[in-house]
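J.: Okay, handing you the structure first.
Rule-based calculations on the coordinates, nothing more; no lab input. In this text, all values refer to a predicted model and were calculated from it rather than measured experimentally. Don't worry about glycine lacking a Cβ; one is built from the backbone with ideal geometry, like all the others, and counts go over all protein chains shown.
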Amino acid sequence: MTKILAALALAIGARMAIAGPTASSIADLPEAVAFAQDLEKRHGFDATALINQFSAAQTNSRVLQLIAPPASPTQRSWERYRPRFINEQRINGGVRFWQENALTLARARALYGVPEEVIVAIIGIETVYGKNTGNFGVLEALATLAFQYPRRADFFRSELEQFLLLSRENRLDPLSVKGSFAGAIGIPQFMPGSQRRYAVDFDGDERIDLSNSLEDAIGSVARFLEQHGWQAGQPVAIPAKLPGTPDASLIEAGIRPSLKAGDLFLRGIKANAAPESTVTLVDLVSPGRDTEYWLGFENFYVITRYNRSSFYAMSVFQLSEEIRRRMPLTGDEKTAMNQR
């Protein structure tokens, strides 16, 4: 171990002597060296090999720019947010995606209880059905955030660790994997930790490939939601009417359903929900316009485990509803309608 540490120190010192104090190689960061040593102890990695991989990655200023909060934050606006994801491109694309992958989607629904339209909507919002999966090097992006973004360093160091384990398990070259600026991978944009915990080999080829296998992507989205508590056959959200501005405590109750619909009704909040239903009050605000209110059920909360934003969850829900409405009726559905 002493010889390894000495070799690492000499290698880093040589690089710094060449590159100078402003060197941007990930391998020149003391935190990266300590991280490599820690993975050697806990997971049996070769620390020297990891440092060599880090030396091929640079601190990516674009990643840091994209992850940073805006200097002048704009007000939340559902009116601006919604059209980004609920539009003709994603609706029509979702119908085609469903038609082309109908058997796989039906199998995922049967196994995990998640409706086809919800799976389709998530993939549509994340990558426009696999068209935009990201072109950042995942190792470089995660390492940049792990060692150069103190605000969330612990999270991204954990994801970098998961990514290296994932690469080793799947015999991938970590430097070859592409993804988002935050390190999300593939058609459903799973973070490495989520891929290792929830992704499934849904096409039966004995490997999980979220970048190239639509079947693996579909099954993995469904299992992710199922593992986070998706309730098969239960609603996601319903619109609510309020007599005015709600008490702040109702909004501050949080995104996890904890309010009874019956109690909200007594406070003037009307919705088509059973009184015993446990819900959350969702406020979709838009500056200069009346706030849109909904009651969210447990399945609404489950969607926020994919992206912790009520705007995101409502976009998934509303896009899924639009896609389902546009889907052509099957023969059995046409027969059932004609018999009514």
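J.: How charged is the neighbourhood of Ser286? Take every other residue with its Cβ under 15 Å from the Cβ of Ser286, and add Lys/Arg as +1 and Asp/Glu as -1. Let's see the in-between values first.
T.: On the way: positive: Arg76, Arg80, Arg82, Arg84, Arg289; negative: Glu79, Asp283, Asp290, Glu292.
Around Ser286, the surrounding residues sum to +1.
J.: Continuing with the same structure: Compute the relative contact order of region 201-329 as a whole-number percentage, counting only Cα pairs closer than 8 Å that sit 6 or more residues apart in sequence.
T.: On the way: 168 pairs, mean separation 29.1, N = 129.
The value is 23 percent.
J.: Distance from the Cα centre of region 31-75 to that of region 134-176, in angstrom?
T.: Centre-to-centre distance over Cα atoms comes out at 6 Å.
J.: A follow-up question, please. Among the GluC sites (Glu not before Pro) in region 155-245, which ones are in a DSSP loop with at most 12 other Cβ atoms within 10 Å of the Cβ? Mind listing them?
T.: Numbers: sites: Glu159, Glu161, Glu169, Glu206, Glu215, Glu226; in loops: Glu206.
Of the GluC sites (Glu not before Pro), the ones in loops of region 155-245 whose Cβ has at most 12 other Cβ atoms within 10 Å are Glu206.
J.: In the chain, if every C-alpha pair distance is counted and binned at 10 Å from zero, what percent goes to each bin?
T.: Bins of 10 Å from zero give 5, 21, 27, 23, 14, 7, 2, 0, 0 percent of pairs.
J.: With a cap of 12 neighbouring Cβ atoms within 10 Å, and only residues DSSP puts in a loop, list the trypsin sites (Lys or Arg not before Pro) found in region 110-168. Show your work: numbers first, answer last.
T.: Numbers: sites: Lys131, Arg151, Arg152, Arg157, Arg168; in loops: Lys131.
In loop regions of region 110-168 (DSSP not H, G, I, E or B), the sparsely surrounded trypsin sites (Lys or Arg not before Pro) are Lys131.
J.: Cut-off under 17 Å on the C-alpha distance; same-chain residues fewer than 8 positions from Lys241 excluded. Which aspartates and glutamates are left, in chain and number order?
T.: Counting by Cα, and skipping residues close in sequence, Lys241 has these aspartates and glutamates nearby: Asp263, Asp283, Asp290, Glu292.
J.: So what is the relative contact order for the chain, in percent, with contacts set as C-alpha pairs under 8 Å and at least six apart?
T.: The value is 17 percent.
J.: Next question, about the same structure. Using the Cβ atoms and a cut-off under 12 Å, what net charge is assigned to the surroundings of Tyr301, where Lys and Arg are +1 and Asp and Glu are -1? Working shown, then result.
T.: Values: positive: Arg256, Arg305, Arg308; negative: Glu298.
Result for the neighbourhood of Tyr301: +2.
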